[in-house]
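The values are calculated or read from the model by the stated rules, or taken from the named source; none is laboratory data. No experiment lies behind these values; they were computed from the predicted model shown. In this analysis, Cβ positions are derived from the backbone assuming ideal geometry, glycine residues included, and neighbour counts consider all displayed protein chains. We work out accessible area using only protein heavy atoms, side chains counted, and drop any ligands, DNA or RNA first. Shrake-Rupley method; radii C 1.70, N 1.55, O 1.52, S 1.80 Å.
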Amino acid sequence: MPRSSFLREPVRFLPVFFLAVAASAATVQSSKPSSTIRLDGKTDEWAAAARVIDPKTGAEFAFQNDARNLYILVGMKKPESFQAVEATGMTVLGRPGGSRKPAKGALFLTREISADGYIVWRESQGAVLTEAEKAEIRKIPRHSISLAFAVDAKGSSYGPLQKQTDAFPPDFLALLQDGAAIYEFRIPLAPPDLVPGGIGGQPGGTLRISFDWGGLDRSSLSTQASRESPSSRSGYVSG
């Protein structure tokens, strides 16, 4: 699969709710979302957001932020791209401009599990399910879940992440339809030492963002403890 690198310049957070993504050939700027962004695969909230397209993979990117979270919309039309994301997940790393610290962020994975496993997962996330709701869930043998792991540029990972403070952990949604894929990400701007998976962005500052997908299979990631995970190299976008 192709490896792509574009958006060489940093993401810029302009006071107070503005975000600009500067590239060698384009600049994207977005204001505070006019409505709450829901991770639902619908792009109504993104109608006014400027897009940047990676010329090598054809992936399309858009950015918004509300000074608490960075929201990213990624669209892919090439099957080899979204099949790679489906197999190995997508890593989104961030590093404040000028910082020498390793970039940190989140690895996002979608996996299918059994109905009973899905019930256990929902309850671990704080859901209170009635017996009738569990019976409805069991009517479908397999269910898809979204997992987020805190990662850094060195490949270490921890997770899957759950809500532990008043800040929600990173989250995403993947939707395949009409031969294309849509991904919506919500990533905390809080520092990663306060919110695992956060990227430490500040309004008025700069933030370098990278996207990494494809390559080696990460399906063996532990769900209990921190461990080293292989680095993927097939799809790469930095911006």
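Quick rundown of the values:
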{"quantity": "Long-range neighbours under 6 Å by Cβ, at least six apart or interchain, first residue more than 26 Å from GLY205 (Cβ to Cβ) within the range 38-65, second open to solvent by less than 60 Å² (accessible area, probe 1.4 Å) and among the polar types (S, T, N, Q)", "calculated": "LYS56/SER4; THR57/SER4; THR57/SER81"}
{"quantity": "Helices (runs of 4 or more DSSP H) completely within the range 37-149 that count 3 or more residues being more than 18 Å from LEU176 (Cβ to Cβ) and open to solvent by less than 60 Å² (accessible area, probe 1.4 Å)", "calculated": "115-124, 131-138"}
